[in-house]
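Working notes, structure below.
The values are calculated or read from the model by the stated rules, or taken from the named source; none is laboratory data. Every value quoted in this text rests on a predicted model; they were computed, and no experiment measured them. When we count neighbours, we look across all protein chains shown, and the Cβ atoms used for this are built from the backbone with ideal geometry, even at glycine. For accessibility, only protein heavy atoms count, side chains too; no ligands or nucleic acids. Shrake-Rupley method; radii C 1.70, N 1.55, O 1.52, S 1.80 Å.
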Amino acid sequence: MASELASMFPKLGSLGTSDHGSVVSINLFVALLCACIVIGHLLEENRWINESITALIIGLGVGVVILLISGGKSSHLLVFSEDLFFIYLLPPIIFNAGFQVKKKQFFVNFITIMLFGAIGTLISCAIISLGAIKFFKKLDIGFLDIGDYLAIGAIFAATDSVCTLQVLHQDETPLLYSLVFGEGVVNDATSVVLFNAIQNFDLSSVNPSIALHFIGNFLYLFLASTLLGAATGLLSAYIIKKLYFGRHSTDREVALMMLMAYLSYMLAELFYLSGILTVFFCGIVMSHYTWHNVTESSRVTTRYAFATLSFLAETFLFLYVGMDALDIEKWKFVSDRYAERGPGLSVAVSSILMGLILLGRAAFVFPLSFLSNLMKKSSEEKITFRQQVIIWWAGLMRGAVSMALAYNKFTRLGHTQLQDNAIMITSTITIVLFSTVVFGLMTKPLISLLLPPQRQLSTVSSDANSPKSLTAPLLGSQEGSEVDLNGQELPHPPSLRMLLSAPTHKVHRYWRKFDDSFMRPVFGGRGFTPVAPGSPTEQEP
């Protein structure tokens, strides 16, 4: 027995030695994440430099150090994989967005958000793709087919409004915050759905039938993904309401909510749907039903656990992008392939793409804002020109989704295989760095200039149905809905006139009746009172 144990220890030691490099890399990366959190905390009062920019700058600095230590061979600790991004990092970010969203503002402005996030993304993708076809062929950067150009459009149509959202305040500018936040989530989902649809279609010969089939597939992905997310959220609410795990262990409640949320995302990927849309609407439904069915301690735990996971995932992504910007492999490929034209070609490609992003963004923000204003009767609900400029600016920054899609299209397992594709990766990295740092730093002064702070209270100070509060229906609090002014119900105008003049309020009224009569008795939610002691204490209104 002693000899057998003695023979085992060397094997264990050799195994540890072989993995020592990975352990060192992980240790360094975790230490860098801690540094990002500490420095971000120290810069909390300085809203010019947010945590995204901090992580990027730290990543760049560390990349330079690693590049010097490795003798110019590598600049990052971990090899980026789109699977790592789409399977492990993106789900908590998008789910938390749905779980914490202020649903009153989101659903009241749902039509405008869908116009910007879905239709606007398609317009931006079309303009970027057409511009790339026109200019890249003149630059002769290599062989790119129609599928590559459309993929480029989808890659650079994906926005990242984190910098703007960190400056905007929900209570001071609820309309603007809702539009920027809602459009960002729908835009990410639309870009990924569009990218996957392009990848799955044979675009060598485009004709009207293929175009119709493409549009039909796109709409199917959108609707099916949304319904799957809602169904998974309702299933979790029903299970927890019926079994009420909290009477024995709140750990089971929290674990079940996390696993069901992740299951919704993986089910979407299993059925080739949009995991982003699925997990986002799963988060919305969970916050409306499931979250109210668990114990008070489970509510606090899930609220902060989901926010923490999302924060870590975002910091991880920006830190890695900063380090990967100096990846010598990609820049050598570009240098070798276009040696006779020098670095000017990379600058030209990045500048063209940046210009197309600016143009594509403006091409839908201002026209769609005008169209949205035509549908609104109240001047307070209309989007002013200054707000339109901020919305346009908020969508100019590119981030993790663009990086992940570019890696998915132009690399294999994080490594560039073809020299012609390397310039697209380096251009993507350049645009992400430039737009995040430069536009991000200018966001604060721009908003201060266009929207100077006013000493007035917002008409909507909170959304009670999000996990940040303990009351309210799916479409928001009672304020501005069917109960108004001293608790007296406003007169009901004829249905058709009400639907035309205030469609969201009319839909809201019908939803409230349906929710109170059919949904909450089955799936729980606000007002659910479990029989076990120590359960949630809120009562029916």
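Looking at segment 352-359, is at least one residue in a helix (DSSP H, G or I), open to solvent by 30 Å² or more (accessible area, probe 1.4 Å) and within 12 Å of Ile123 (Cβ to Cβ)? Within segment 352-359, one or more residues are in a helix (DSSP H, G or I), open to solvent by 30 Å² or more (accessible area, probe 1.4 Å) and within 12 Å of Ile123 (Cβ to Cβ). Among the residues of segment 308-323, are any at negative phi, of a type in the set (A, V, I, L, M, F, W, C), outside any helix (DSSP H, G or I) and out of contact with any Phe, Trp or Tyr (no Cβ under 8 Å at 6 or more places or on another chain)? Checking segment 308-323: not a single residue is at negative phi, of a type in the set (A, V, I, L, M, F, W, C), outside any helix (DSSP H, G or I) and out of contact with any Phe, Trp or Tyr (no Cβ under 8 Å at 6 or more places or on another chain). Where helices (runs of 4 or more DSSP H) fall entirely within segment 196-303, those with at least 2 residues that are open to solvent by 60 Å² or more (accessible area, probe 1.4 Å) and closer than 25 Å to Phe181 by Cα are at 208-243, 250-270.
The residues listed here are Val389, Val401; of these, the one that is among the aliphatic types (A, V, I, L, M) and modelled with pLDDT of 90 or more is Val389.
Residues that are of a type in the set (Ser, Thr, Tyr) number at least 3 in the following helices (runs of 4 or more DSSP H) confined to segment 71-187: 120-139. Do we find that Phe135 is in contact (Cβ under 8 Å) with a residue 12 or more places away in the chain and buried (at least 21 other Cβ atoms within 10 Å of the Cβ) in this structure? Considered against the rule, which asks whether it is in contact (Cβ under 8 Å) with a residue 12 or more places away in the chain and buried (at least 21 other Cβ atoms within 10 Å of the Cβ), Phe135 comes out as no. Among residues of segment 140-158 that are at positive phi, those with a beta-carbon under 7 Å from a residue that is part of a helix (DSSP H, G or I) and open to solvent by 20 Å² or more (accessible area, probe 1.4 Å) at least six positions away or on a different chain give the pairs Gly142/Asp420. Just to be sure, is Ser236 free of Cβ contacts under 8 Å to residues at least 60 places away in the same chain, more than 21 Å from the chain's Cα centre (by Cα) and under 21 Å from Met286 (Cα atoms)? It is true that Ser236 is free of Cβ contacts under 8 Å to residues at least 60 places away in the same chain, more than 21 Å from the chain's Cα centre (by Cα) and under 21 Å from Met286 (Cα atoms). Using the structure shown, decide if Leu165 is under 20 Å from Ile431 (Cα atoms), under 14 Å from the mean Cα position of the chain (by Cα) and open to solvent by 30 Å² or more (accessible area, probe 1.4 Å). Taking the combined requirement at face value, the residue satisfies it. Here the condition is being charged (D, E, K, R) and modelled with pLDDT under 85; of Lys134, Lys104, it holds for Lys104 alone.
Taking (1) open to solvent by less than 30 Å² (accessible area, probe 1.4 Å); (2) modelled with pLDDT of 85 or more in turn, Pro174 satisfies each apart from (2). Note on segment 16-52: residues that are open to solvent by less than 50 Å² (accessible area, probe 1.4 Å), among the hydroxyl-bearing types (Ser, Thr, Tyr) and either at pLDDT below 75 or touching a Leu at 6+ places or on another chain (Cβ under 8 Å) (or both) total 1. Could you go through segment 416-426 and let me know if any residue there is assigned to a helix (DSSP H, G or I) and farther than 25 Å from Val192 by Cβ. Yes, the conditions are met somewhere in segment 416-426.
Just one of the listed residues (Leu433, Leu496, Leu441) is assigned to a helix (DSSP H, G or I), open to solvent by 50 Å² or more (accessible area, probe 1.4 Å), modelled with pLDDT of 55 or more and of a type in the set (A, V, I, L, M), and it is Leu441.
Condition test on Gln100, is it under 27 Å from Ile357 (Cβ atoms), surrounded by fewer than 21 Cβ atoms within 10 Å (Cβ to Cβ) and polar (S, T, N, Q)? The answer is no for Gln100.
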